Ligand code: MRU
């Protein structure tokens, strides 16, 4: 399985995903500003992976902070937090990494500053390890809905490349393969950045998982023909009522699945769920520059000067979602908010395969 990101001797090494699959190149980020650039320019992308990158960026940013007191240290970290938070607005994992850092540091405010700096490095490595474990657990829960012989459609890239490893949407797929089920995957190419084409199909081929690449506008025909048994996508931010923000094109895929009676599952690590946001209308949606639409690999394909909208994410209303696969089990979107209730009997509300 390909390694997306690591932190070695104070340097964040990230696989530059903009060059895949033509070149496998790791970029050395020696300061937090370069980590932030890597997130913004999509060298690293996918919600969990950018959460890990943010944790590592904070850790190497903290090394540079000169402080004699805890308050000075926290003040010195503010520009690091701000720079990382400004990179990508929709994926909640950067905010998650910042909030988690603040909380963990606050719990250790009486410790020496040098010890806190070492702690942040170790903590970012733990975030990476935990992410892989979470994905394996999501894989185990989600694989119950995949039967031997099934064909699964997915959108964008939610594999190893988008996470610390194993993948969120590919978690159930990998687990099903490990269980000996013979399955196939259809990968939407995912215009304009082509994560499905360049990344998902590449990484599944690396691991010998049968994959067929389709253009985004082919999904309808394939679903109508009855060739797909289920869809599994992932999320950059899921909110309390079960509305799901994910890569642009997820919403039309969900509507097509509903129209054709195909179950639509969303793999969502708890770090990507924000229970404080009541509905999907309140999710900030990233819009990116026009070049991703007007150019393909540096080649201008649109008329010079044409007006462009490049909306990076859409929101799929909860009513189109069959189940949300978390590391705590699979839940109907309308039950999702109950995960936040103290003492709730999760077993009683869990969705199980027939
Ligand atoms: O713009 P990207 O490539 O970061 O968008 C990625 C997606 O939309 C993924 O589906 C999502 O982040 C989940 S990654 C496990």
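The values are calculated or read from the model by the stated rules, or taken from the named source; none is laboratory data. Quick caveat: nothing in here was measured; it's all calculated off a predicted structure. With ideal geometry, Cβ positions are generated from the backbone for all residues, glycine too; neighbour counts draw on all protein chains shown.
Restricting attention to the range 13-38, the residues that are farther than 20 Å from residue 166 by Cα and buried (at least 22 other Cβ atoms within 10 Å of the Cβ) total 5. Summed over the range 263-279, residues that are touching a strand residue (DSSP E or B) at 6+ places or on another chain (Cβ under 7 Å) and surrounded by fewer than 22 Cβ atoms within 10 Å (Cβ to Cβ) total 6. Just to be sure, is residue 172 within 22 Å of residue 297 (Cα to Cα) and either at pLDDT below 95 or within 14 Å of the ligand (Cβ to nearest atom) (or both)? So residue 172 fails the test. Enumerate the pairs (first residue in the range 141-156 and at positive phi; second residue anywhere and more than 16 Å from the ligand (Cβ to nearest atom)) with beta-carbon separation below 9 Å, excluding pairs fewer than 6 apart on the same chain, so at least 6 apart or on different chains. Hits for this filter: 149/181; 149/182; 149/183; 149/184; 149/229. Among the residues of the range 142-157, those identified as surrounded by fewer than 24 Cβ atoms within 10 Å (Cβ to Cβ) and either farther than 20 Å from residue 214 by Cβ or within 13 Å of the ligand (Cβ to nearest atom) (or both) are 143, 144, 145, 147, 148.
Checked against the criterion of being in a loop (DSSP other than H, G, I, E, B) and touching a strand residue (DSSP E or B) at 6+ places or on another chain (Cβ under 8 Å), the candidates 44, 52 yield just one match: 44. When 124, 160 are checked against the criterion of being under 18 Å from the mean Cα position of the chain (by Cα), buried (at least 23 other Cβ atoms within 10 Å of the Cβ) and assigned by TED's automatic domain parsing to the domain that holds residue 18, 124 stands alone in meeting it. Under the condition of being within 16 Å of the ligand (Cβ to nearest atom) and either part of a helix (DSSP H, G or I) or at pLDDT 95 or above (or both), the residues counted in the range 69-91 number 5. Inclusion of residue 262 among residues that are assigned to a loop (DSSP other than H, G, I, E, B) and either modelled with pLDDT of 95 or more or in the same structural domain as residue 186 (by TED's automatic domain parsing) (or both) is warranted. With respect to the conditions (1) under 17 Å from the mean Cα position of the chain (by Cα); (2) outside any loop (DSSP other than H, G, I, E, B), residue 175 lacks only one, and its number is (1). When 335, 314 are checked against the criterion of being in contact with a helix residue (DSSP H, G or I) (Cβ under 8 Å, 6 or more places away or on another chain), outside the structural domain of residue 18 (by TED's automatic domain parsing) and within 16 Å of the ligand (Cβ to nearest atom), 314 stands alone in meeting it. From the list 22, 66, 100, the one residue that fits, being within 21 Å of residue 122 (Cα to Cα) and part of a loop (DSSP other than H, G, I, E, B), is 66.
Could you grab me the full set of residues in the range 197-218 that are in contact with a helix residue (DSSP H, G or I) (Cβ under 7 Å, 6 or more places away or on another chain), within 17 Å of residue 234 (Cα to Cα) and surrounded by fewer than 22 Cβ atoms within 10 Å (Cβ to Cβ)? Within the range 197-218, no residue meets the criteria. For residue 134, the test of being within 13 Å of the ligand (Cβ to nearest atom) and part of a helix (DSSP H, G or I) is passed.
Among the residues of the range 287-313, those that are in contact (Cβ under 8 Å) with a residue 12 or more places away in the chain, out of contact with any strand residue (DSSP E or B) (no Cβ under 7 Å at 6 or more places or on another chain) and closer than 18 Å to residue 156 by Cα comprise 288, 292, 293. Picking from residues in the range 40-49 that are surrounded by 24 or more Cβ atoms within 10 Å (Cβ to Cβ) and at pLDDT 95 or above, the one that is nearest to the ligand (Cβ to nearest atom) is 45. Of the strands (runs of 3 or more DSSP E) contained entirely in the range 186-254, those carrying at least 3 residues that are under 13 Å from residue 154 (Cα atoms), within 15 Å of the ligand (Cβ to nearest atom) and in the same structural domain as residue 298 (by TED's automatic domain parsing) fall at 230-234.
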